[in-house]
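Chemist: Can you keep this structure in mind? I'll have questions shortly.
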Amino acid sequence: VVGFMSEPRVYTLVIPRDGNRVLLGMKKRGFGTGYWNGFGGKVEPGEGIRQAAHRELREEANVDVKRMEVVGKITFVFDDQPVPWKVHVFEGKQLTGNPMETEEMKPAWFDCDDIPFDCMWADDKHWYPLFLAGKRFSGKFNFTKTHQLEDFLVEELDHINQLH
């Protein structure tokens, strides 16, 4: 796996949750096309991480959440990307608006015990169980050729402060 010399690119990932359901989106274009995923993207210059998370959720699913809590941080290293990605994972609660298909994503609700892991990124099956159990976590995933998961480390954290 390629080592990195520059700062990671910062991204957000919001997974709206309503009881025993999560809202995921089928990625329709760009990086990750054809995968179910949470909603998120790059943090733009001058934008805060939380602000970016809300913006991406509105842009990709036409909804927002009243409560959003950081539950994880994941570093992704792709051998075909110039810098690693540091992704701040949020659990969103108290959805506002009705999920609508956008140019980028097609949202759908899934029961927590029926997550479509076969149509998701290879890393998801390793950290979603912690997310679904209400745990805090950190992880690092190394991919080759964009989609091939080579190795990873996921840790459950005792305290939210360990995320910073």
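Chemist: Going through the cross-link list 28/135; 66/140; 28/66; 93/140; 66/135, which pairs have a Cα-Cα distance over 22 Å in this structure?
Modeler: Values: 28/135 30 Å; 66/140 29 Å; 28/66 26 Å; 93/140 26 Å; 66/135 20 Å.
Listed pairs above 22 Å: 28/135; 66/140; 28/66; 93/140.
Chemist: To the nearest 500 deg cm²/dmol, what mean residue ellipticity at 222 nm is calculated for the chain from DSSP H runs of n ≥ 4 alone, each contributing -39,500 (n - 2.57), summed and divided by the residues?
Modeler: -4000 deg cm²/dmol
Chemist: What are the residues whose amide H is under 5 Å from the amide H of residue 14, where those residues sit 5 or more places off or on another chain and H is modelled from the backbone?
Modeler: So residue 14 has HN proximity to 39, 40, 90.
Chemist: Also: Roughly how many Å is it from the Cα centre of the range 35-56 to that of the range 114-158, as a whole number?
Modeler: So the separation of the two Cα centres works out to 19 Å.
Chemist: Across the range 8-20, in residue order, what do the Karplus-derived ³J(HN,Hα) couplings come to in whole Hz, using 6.51 cos²θ - 1.76 cosθ + 1.60 with θ = phi - 60° and x for Gly and Pro?
Modeler: Residue by residue, the range 8-20 yields x, 7, 8, 10, 10, 9, 10, 10, x, 10, 9, x, 9 Hz.
Chemist: Here's another thing I want to ask about it. Take the solvent-accessible surface of the protein heavy atoms, probe 1.4 Å, and return the percent of it on the range 13-164 that carbon and sulfur atoms account for.
Modeler: Of all accessible area on the range 13-164, carbon and sulfur atoms account for 46 percent.
Chemist: Over the chain, average the accessible area per residue using a 1.4 Å probe and give it in Å², no decimals.
Modeler: It amounts to 52 Å² per residue over the chain.
Chemist: Evaluated at 25 °C with a viscosity of 0.890 mPa s, what Stokes-Einstein diffusion coefficient in µm²/s does the range 27-79 have when Rh comes from the Kirkwood expression over alpha-carbon pairs? Walk me through the numbers on the way to the answer.
Modeler: Numbers: Rh = 12.6 Å.
For these conditions, the coefficient is 194 µm²/s.
Chemist: Another question, then. Compute a Gaussian network model of the chain, connecting alpha carbons closer than 10 Å, and tell me which residue from 33, 75, 12 fluctuates the most.
Modeler: So, out of 33, 75, 12, the one fluctuating most is 33.
Chemist: Can you list which of the chymotrypsin sites (Phe, Trp or Tyr not before Pro) found in the range 1-82 are DSSP loop residues with at most 14 other C-beta atoms within 10 Å?
Modeler: Here the chymotrypsin sites (Phe, Trp or Tyr not before Pro) that fit, given the DSSP loop and packing criteria, are 4, 31.
Chemist: Once fully extended, how much extra length lies between residue 67 and residue 10, figured as 0.36 nm per residue of separation less the alpha-carbon to alpha-carbon distance?
Modeler: 18.4 nm
Chemist: A further question follows. Calculate how many DSSP beta bridges within the chain are antiparallel, expressed in % of all such bridges and rounded to the nearest 5.
Modeler: On the way: 33 of 49 bridges.
So the antiparallel bridges in the chain amount to around 65 percent.
Chemist: Helix 49-61: angle to the longest alpha-carbon principal axis of the chain, degrees 0 to 90, nearest 10?
Modeler: It works out to around 60 degrees.
Chemist: May I pose another question? Given the chain, what whole percent of its Cα pairs are spread farther than 25 Å?
Modeler: Cα-Cα pairs in the chain separated by more than 25 Å: 25 percent.
The values are calculated or read from the model by the stated rules, or taken from the named source; none is laboratory data. What you are looking at is a predicted structure, and each value in this text was computed from that prediction instead of being measured. With ideal geometry, Cβ positions are generated from the backbone for all residues, glycine too; neighbour counts draw on all protein chains shown. Note: accessible area is taken over every heavy atom of the protein model, side chains too, but ligands, DNA and RNA are not part of it. Shrake-Rupley method; radii C 1.70, N 1.55, O 1.52, S 1.80 Å.
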